[in-house]
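Visitor: Below you will find the structure I want to go over with you.
The values are calculated or read from the model by the stated rules, or taken from the named source; none is laboratory data. Since the model is a prediction, treat every value here as computed from it, not as a measurement. Reconstructed Cβ throughout: ideal geometry from the backbone, glycine too, with neighbour counts over all protein chains shown.
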């Protein structure tokens, strides 16, 4: 597989994406199922569940498949998708309106936009509008970079009375008060 493919409609254990050839400890391979769970006011999370190698018998005397307890990730608000990566393994990713702005949303659209349906495209547009209201400074910087010609970083460094070269100023890490020990008590 050479391209990532969005997986849709896998939202519960009953509709989960099932992988039949999954390594289960040191035993023969078993099944695993994946789905994206949504909870209002929390967001999405990826849930996985493996098939237990033990076989249970129902009241009719027939063997039934037993599933282990589901394992769930942390909820992620925003727009989430589940996809198959280049190796065919299920993964998930998301866009978040509070921290994702400019380049992150543009990169997300470049990666996935061709596979979006109308509803997904609309969700990303709404998320971008909310992000623009919540992060106006980030977006104004992004919009300025998109409309301005490319310039080198050295041209933007104010030299003032500094004796250091512009290159050495680029290499100096900036630290917050916590890094310098201000927050220690």
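Visitor: Looking at 134, 84, which one is in contact with a strand residue (DSSP E or B) (Cβ under 7 Å, 6 or more places away or on another chain) and at pLDDT 85 or above?
Guide: So the residue among 134, 84 that is in contact with a strand residue (DSSP E or B) (Cβ under 7 Å, 6 or more places away or on another chain) and at pLDDT 85 or above is 84.
Visitor: Regarding residue 107, is this residue without any contact (Cβ under 8 Å) to a residue 12 or more places away in the chain, assigned to a loop (DSSP other than H, G, I, E, B) and loosely packed, with under 14 Cβ neighbours inside 10 Å?
Guide: No.
Visitor: Do we have residue 117 as exposed (fewer than 11 other Cβ atoms within 10 Å of the Cβ), within 23 Å of residue 4 (Cβ to Cβ) and either at pLDDT 85 or above or touching a strand residue (DSSP E or B) at 6+ places or on another chain (Cβ under 8 Å) (or both) here?
Guide: Yes: the conditions hold for residue 117.
Visitor: Before we move on, is residue 9 surrounded by fewer than 16 Cβ atoms within 10 Å (Cβ to Cβ) and either in contact with a helix residue (DSSP H, G or I) (Cβ under 6 Å, 6 or more places away or on another chain) or outside the structural domain of residue 115 (by TED's automatic domain parsing) (or both)?
Guide: yes
Visitor: Restricting attention to the range 59-93, which residues are touching a helix residue (DSSP H, G or I) at 6+ places or on another chain (Cβ under 9 Å) and either in contact (Cβ under 8 Å) with a residue 24 or more places away in the chain or at positive phi (or both)?
Guide: Correct list: 78, 79, 81, 83.
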